[in-house]
Amino acid sequence: MMEKVVITHKFRLYPSKQQEAKLMETLELCRQTYNILLNELNSQKVIDKSQIQGIIPNMKICDSSFKKLYSKTMQYECYRLFSNLSSLAKSKNKRKVGRLRFKGKGWFKTFTYNQSGFKLIVTGKRYQTLHLSKIGSIPIRCHRKIKGKIKQITIKKEASGKWHASIIEETKKIIKKQQIRKAVGIDLGLTDIIYDSEGNKITNPRHLKKHCEKLSSLQRKVSRKKKGSRNRKRMRIKLTRQYEKLVNTRNDFLHKTSKYYVDNYDAIGIEDMTITSMVNGHLAKHILDASWGKFRQMIAYKAERAGKLYIPVNHKGTTQRCSQCGEEIAKDLSERVHKCHFCGFKAPRDYNSALEIKKLTLKRIFEIGQELSESTLVEMEALPTQLATTVNETRSYSLN
Ligand SMILES: [Zn+2]
């Protein structure tokens, strides 16, 4: 079966000083375009998108500096305006949200080339070249090959001052739906990071912790510097770089871990959310929390590409319920061991959760299997029956 797959790649750009000035100018002109279009929108009694789009050519005539913008990049601002408008409308239900705001100087961080105006030139060397119409040929590091058709390129200025290109590629892929033979349940925790239903424990890589500590100490340093001072500004840049390092390390960890599960299992069940109430405001923990959302996304898209199943499982009760007999065993956070006085099952708390998640995963697969037609028969694995009462040995490994 052939399926269209859209993949986004993020590559670093290495613009020269001159090119960087042009990139900055483009951001600024896009901001102005956005504001002018917003002004037009605000003046309309009945919203008329085509009329707003129609003023773009006039803007070029009235102010020749807009000629420095690639026309589709300019038109993209109209798209951005309307997508902001629709997300504003969606958020309107709870509290009263006013109109869209004009964007102040320096607010714009991205601009986009849609469908045309760009060319990626593969040189076979360390740096490739990204040609952007009206800007020039910028060196780019592509750590992955792009074989499909490029649909869109978004240029972004990061807080640290680095430039990146997000390239949306469309390819066709043969997708084989695989039979489900091996399923796994994954518990995402705070202390042991990941516990799975096989008894594997994947712990936080040590250097991630190191980066976290460095970040916290830098943060304290920034707060001690005088507001608005040059030292503070310099510290903030350092802080942003450190944050980027941390995010990269974390992403690397998440990529490897999600790949491991997608490579080794046909169905992966994870709780649909993680309880965060216990977090004491610690930055490192805050980042770990954010990680789990990312981890689920990675599992989801990697599973999709590999023709495997990602199954979000309702998180309610998975930590309290006994995975063996289904009785509720109330325990607070400090209790790290699950001890069931109904059936005698004893296991690390997160392992019990992982087993429960696996059970719910299999249940869901069974339901999906019934929803599917006969031609896509799902081969079922038996529901886990009584396991050894105590798990003496939990295999544990670290990816780093
Ligand atoms: Zn029990």
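Read-outs: derived from the displayed coordinates by stated rules, not from any lab. Note that this is a predicted model, so its numbers are computed, not measured. Please note: Cβ atoms are built from the backbone with ideal geometry, for glycine as well, and neighbour counts cover all protein chains shown.
Of note:
- Sorted fewest first by neighbouring Cβ atoms within 10 angstrom, Trp107, Trp292 come out as Trp107, Trp292.
- Using the Cβ-Cβ distance between Arg234 and Glu170 with R0 set to 56 Å, the FRET efficiency works out to roughly 0.85.
- Relative protection proxy for 21-27, 57-63, from highest mean packing down: 21-27, 57-63 (other beta-carbon atoms within 10 angstrom).
- The stretch 2-173, Rg to Rh (Cα coordinates; Rh as Kirkwood inverse mean 1/r): 1.00
- Burial ordering of Asp266, Asp48, Asp196, Asp252, fewest other beta-carbon atoms within 10 Å first: Asp48, Asp252, Asp266, Asp196
- Listed from fewest to most Cβ neighbours within 10 Å, the set Tyr34, Tyr243 follows the order Tyr243, Tyr34.
- Spin-label pair Glu213/Ser137, simplified geometry with 7 Å Cα→Cβ offset, distance in nm: 4.8
- Residues in the stretch 101-142 reached by a label modelled at Asn251 [backbone nitrogen below 11 Å; 7 Å Cα→Cβ]: none
- Ordering of 71-79, 257-265 by burial proxy (mean other Cβ atoms within 10 Å per residue, highest first): 71-79, 257-265
- Additional length obtainable on full extension of the chain from Arg101 to Glu327, 0.36 nm per residue less Cα span: 76.0 nm
- Gain upon complete extension [Lys125, Glu367; 0.36 nm per residue less C-alpha separation]: 82.0 nm
- If you wrap the Cα atoms of the stretch 64-158 in a convex hull and average its projected area over all directions, you get 8.6 nm².
- Computed from point charges on the beta carbon alone (+1 for Lys and Arg, -1 for Asp and Glu), the dipole magnitude for the stretch 220-259 about its Cα centre is near 540 Debye.
- Protection proxy ranking for 7-16, 218-227, 359-368, using the average of other Cβ atoms within 10 Å per residue and placing the highest first: 359-368, 7-16, 218-227.
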